Structure formats: structure tokens, C-alpha cells
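Enquirer: Sharing a structure here in C-alpha cells format.
Computed from the coordinates by the stated procedures, all read-outs in this text should not be read as laboratory data. Worth saying up front: this structure is predicted, and the values here are computed from it rather than measured. Every residue, glycine among them, receives a Cβ derived from its backbone with ideal geometry; neighbour counts consider all protein chains shown.
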Amino acid sequence: MKIEVILSMSKTSKGGQIFSIDMVISASIFIIVITTVIFIWYSYSLRLEENIKNEDLQIKAFQISELLIKQRGIPYEWEKESNKVKVLGLVSSDRTFSTKKLREFVKLNKSSIKEKLNIENYDFYFSLKDLNGALFQLGDENPSEAGTKPTQNAKNVINIKRMGLYGDQEVIMEFTLWK
């Protein structure tokens, strides 16, 4: 009888060992799958967040370029008292730039322009060029540019170019928004 007990204990022990090995393998596979899913989820969420930031930057740059090239600003003659400007606009009529507004715009300090355009968290660069790419001079040696050109370290850079008129000449307005 003693021999039988030992024999039956040996059979039970092997069954328990097999069950334990199966449990360890299953748990390991489960942990690997869960870890992989979490890693993929994190990776896609970072990409999605980056895409959302980039789209937001694109929308802002497009809206600002529309505003500058199509609107006269508020008040309409803000260039007479640039400290009272509420909304910037650089044209005297649709796509026809006003020399006075351009002169006042490039004289404004960078933080004031960023505040008026609601882009405090971004940097910008504005320029008005002829079709050959040369900057216009607005008198008093002031070139028709404002802001800062993007650096090599800039992560997101959106550049919008729009055609317009300056006097009787076709020009390219360039507005770059970057972070």
C-alpha cells in the first residue's frame, strides 16, 4: 500500500508541474501581448498628437495669410494710430497692399504682432517680395519683412505664399509660422 501511495503522488505531481508550466507560458504570452499593445498605442498616440499640432499650425498660418491679404484691419485706418489696432490687415482693397499699412506693420514689435494675430506660442516671418524674390523697400531703408526666419532647429514650419498687388506690380506675400 505504501508503494501505491508514492506512485499516485508521483502522477499527481507531474500533472501539477505540467499545469504550472502551462500557466507560466500563458502568463508570459499575455504579458508580451499586453506590452506590445501598450507600446503600439503609445506610438500611435504620439503620432496623432503631432499630426494635430501640425494641422493646427497649418490652419493658423492659412487664416493669418487670408487676414493679411484680404482684410483692411480694424479699425480700417489702423495705420494712422497703430497702437489702437485690434485686427491687422495689410491691404487697401482685396489683395492690393497698402504702403502705409505695410510700413506700420513692419515697425510694430514682434510681440505686438504675435498678440494681434493670436500666435503667442509660435514664431513667424512675413515678407513681401517681387516675382524674382527680392524684398521690397518701404522707404527709410525698411525692408518689407517682419518677424524671424525659421531656425535649423524648428520642428514644425508652415510656409504660405500668396499673390497680390503692390502699386501696379504683382508681388508674393510670404507668411511662415513655426515652432
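Enquirer: Please name which of 175, 118, 43 has its Cα lying farthest along the dipole of the chain towards the positive end, using unit charges on Cβ (Lys, Arg +1; Asp, Glu -1) and the Cα centre as origin.
Expert: Of the listed residues, the answer is 43.
Enquirer: For n ≥ 4 DSSP H runs only, could you compute -39500 (n - 2.57) per run for the chain, divide by its residues and tell me the 222 nm figure to the nearest 500?
Expert: Calculated at 222 nm, the ellipticity per residue is -17500 deg cm²/dmol.
Enquirer: Please state the charge dipole magnitude for the chain, taken about the Cα centre, from unit charges on C-beta atoms (+1 on K and R, -1 on D and E), reported in debye and rounded to the nearest 20.
Expert: Roughly 400 debye for the chain.
Enquirer: Out of all DSSP beta bridges with both ends in the chain, state the antiparallel percent to the nearest 5.
Expert: Taking every DSSP beta bridge within the chain, about 95 percent pair in antiparallel fashion.
Enquirer: Another one. Quick one, which of (1) 15.6, 53; (2) 19.1, 56; (3) 32.4, 115 is the actual Rg and Dmax of the Cα atoms in Å calculated for this model?
Expert: (3)
Enquirer: Quote the charge dipole size of region 42-141 about the Cα centre in Debye, to the nearest 20; the model charges only the Cβ of Lys and Arg (+1) and of Asp and Glu (-1).
Expert: Computed charge dipole of region 42-141: roughly 280 debye.
Enquirer: Follow-up question, since we're still on this one. Go through 108, 146, 52 and say which Cα lies farthest out towards the positive end of the charge dipole of the chain; charges sit on Cβ, +1 for Lys and Arg, -1 for Asp and Glu.
Expert: Farthest along the dipole direction, towards plus: 52.
Enquirer: As a footprinting exposure proxy, order 26, 127 by other Cβ within 10 Å, with the fewest listed first.
Expert: The order, fewest Cβ neighbours first, is 26, 127.
Enquirer: So for the chain, taking the charge dipole from beta-carbon charges (+1 Lys/Arg, -1 Asp/Glu), which of 136, 32, 99 sits furthest toward the positive end?
Expert: Among 136, 32, 99, the one farthest towards the positive end of the dipole of the chain is 32.
Enquirer: Quick one: dipole size for region 48-95, taken about the Cα centre, charges +1 on Lys/Arg Cβ and -1 on Asp/Glu Cβ, in debye to the nearest 20.
Expert: Rounded to the nearest 20 debye, it is 280 debye.
Enquirer: Another question, if that's okay. How much FRET efficiency would the formula 1/(1 + (r/R0)^6) give for residue 93 and residue 161, where r is the Cβ-Cβ distance and R0 is 22 Å, rounded to 0.05?
Expert: 0.65
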